[in-house]
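K.L.:
Pasting a structure below so you can have a look.
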Amino acid sequence: MGWLSAGEGYEVALVDGRVAARATAGRAAGRQLKSLPRALRDHPEVDRLRRFAEWLDQHATACVAQVDSWMVSSLPVPTGLLARVWPDEAWQSALRDLAVVGDDLDEVGFLRGATEDGELRVVNLDGETVRLSPRTVTLPHPVLLPDLDDIREFAAELGIVQRVEQIHRATWQRPDDLDPKATEIREFSGGSFRSRFALAARASSLGYRVSGGYATARVRDGDRTVEASVWIGEPYWQDTVETGGLTWQDDNGRALPMREVGPVAWSEGMRMAAALYAGRTIEEGKNA
């Protein structure tokens, strides 16, 4: 973004997301100033740039949220859509280096670029840069990736950093020896918090929805949507509360036996329960 005139003797621009100024006259002409001069703080051009910076931040946050949703749901995304949004820096930042899968489900690559005609440039697990042009691609949830540990090791060798947490996302595999009738897991129950408000605030800060006495996460798992829920206490309860059990429900509100919970819903439910439990109050002298 170029420099804009802001009154006599100054120009302003967004630099690294903040409003910066430089002098246009005198010995400091053309040099960026260390701070915004007092005379410019209420200037209309500065105000417009501040509001534009806020919009850019909101846009970047929205892009990350959308890409995270695609990844968690593992739904096919049109390649043409990725190509259209790629020139936008916010979209590119959210998408770059995500593991993607095209027509061949065994061919995983890290997204590095997209052309206007819908061709994707990826680095495959042999370290080669290849071009793909499938109609759709999937940004798979890591629990669905085969040989995830090997993929993580290879990503570390490449120095890959993902804006959207994917390959290094905490995952849980559903055990095979579950009670056929069991509908609740209590591995992360009993985490004590000084108030229900503190526990609800933690849930919200982690991106989970608080509804009634529960923290919830809706997950598309295969061909259905499942809601994972953790009990966090009655609303407006003022005293100490503890995290409750983790359960899953289908779209009709039916409690799902744990054996019916799919791999993504299981992993995301456990991830939520573990993240809430990690914020518990630990009394001095007791084991964590």
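K.L.:
Which ³J(HN,Hα) values in Hz, rounded to whole numbers, follow from the phi angles of the stretch 4-21 under the Karplus curve 6.51 cos²θ - 1.76 cosθ + 1.60, where θ = phi - 60° and Gly and Pro get x?
P.N.:
10, 5, 9, x, 6, x, 9, 10, 10, 7, 8, 10, 6, x, 10, 6, 10, 10
K.L.:
Please state the charge dipole magnitude for the stretch 107-250, taken about the Cα centre, from unit charges on C-beta atoms (+1 on K and R, -1 on D and E), reported in debye and rounded to the nearest 20.
P.N.:
700
K.L.:
A further question follows. Could you tell me which of rounded, prolate or oblate describes the stretch 151-288, using a ≥ b ≥ c as the square roots of the eigenvalues of the alpha-carbon gyration tensor, with rounded for a/c under 1.5 and, failing that, prolate when a/b is larger than b/c and oblate otherwise?
P.N.:
Working: a/c = 1.69, a/b = 1.18, b/c = 1.43.
Oblate.
K.L.:
Per residue, how large is the accessible surface of the stretch 67-113? Use a 1.4 angstrom probe and give square angstrom.
P.N.:
Solvent-accessible surface per residue comes out at 42 Å².
K.L.:
Among DSSP bridges having both ends in the chain, what percentage is antiparallel? Round to the nearest 5. Walk me through the intermediate numbers first.
P.N.:
Working: 45 of 46 bridges.
Bridges in the chain are about 100 percent antiparallel.
K.L.:
Put +1 on the Cβ of every Lys and Arg and -1 on every Asp and Glu Cβ in the chain; which of ALA201, ALA53, PRO87 then has its Cα farthest towards the positive end of the dipole?
P.N.:
Working it through, the farthest residue towards the positive pole turns out to be ALA53.
K.L.:
Here is a follow-up. Please report the carbon-and-sulfur percent of the accessible area for the chain; probe 1.4 Å, protein heavy atoms only, DNA, RNA and ligands left out.
P.N.:
46
K.L.:
Give me a comma-separated list of calculated 3J(HN,Hα) values for the stretch 59-65, in order, Karplus coefficients 6.51, -1.76, 1.60 applied at θ = phi - 60°, integers in Hz, x for any Gly or Pro.
P.N.:
Whole-Hz 3J(HN,Hα) from phi for the stretch 59-65: 5, 4, 5, 5, 5, 4, 4.
K.L.:
While we're looking at this one, here's another question. Just want the answer: with Cβ charges of +1 for Lys and Arg and -1 for Asp and Glu, which residue in THR247, PHE188, VAL64 is farthest toward the dipole's positive end in the chain?
P.N.:
Of the listed residues, the answer is VAL64.
K.L.:
In sequence order, what are the phi-derived ³J(HN,Hα) couplings for the stretch 131-145 according to the Karplus relation 6.51 cos²θ - 1.76 cosθ + 1.60 with θ = phi - 60°, rounded to whole Hz, with x for glycine and proline?
P.N.:
Residue by residue, the stretch 131-145 yields 10, 10, 9, x, 5, 9, 10, 10, 9, x, 4, x, 5, 8, 7 Hz.
K.L.:
Taking amide hydrogens as modeled 1.01 Å from N in the peptide plane, which residues meet the under 5 Å criterion relative to LEU256, leaving out close sequence neighbours?
P.N.:
For LEU256, the qualifying residues are TRP248, GLN249, ASP250.
K.L.:
Follow-up. With n ≥ 4 as the cut-off for DSSP H runs, can you work out [θ] at 222 nm for the chain, using -39500 (n - 2.57) per run divided by the number of residues, rounded to the nearest 500?
P.N.:
Only helices count here, giving -9000 deg cm²/dmol.
K.L.:
Rolling a 1.4 Å sphere over the protein heavy atoms, what is the accessible area per residue of the stretch 117-201, to the nearest Å²?
P.N.:
Using a 1.4 Å probe on heavy atoms only, each residue of the stretch 117-201 averages 59 Å².
K.L.:
Counting only DSSP beta bridges with both residues in the stretch 1-160, tell me the antiparallel percent, nearest 5.
P.N.:
The antiparallel fraction comes to roughly 95 percent.
The values are calculated or read from the model by the stated rules, or taken from the named source; none is laboratory data. Bear in mind that the values here come from a model prediction, so they are computed numbers and not experimental data. Neighbour counts run over all protein chains shown; Cβ positions are idealised from the backbone, glycine included. Calculation scope for accessible area: heavy atoms of the full protein, side chains included, ligands and nucleic acids excluded. Shrake-Rupley method; radii C 1.70, N 1.55, O 1.52, S 1.80 Å.
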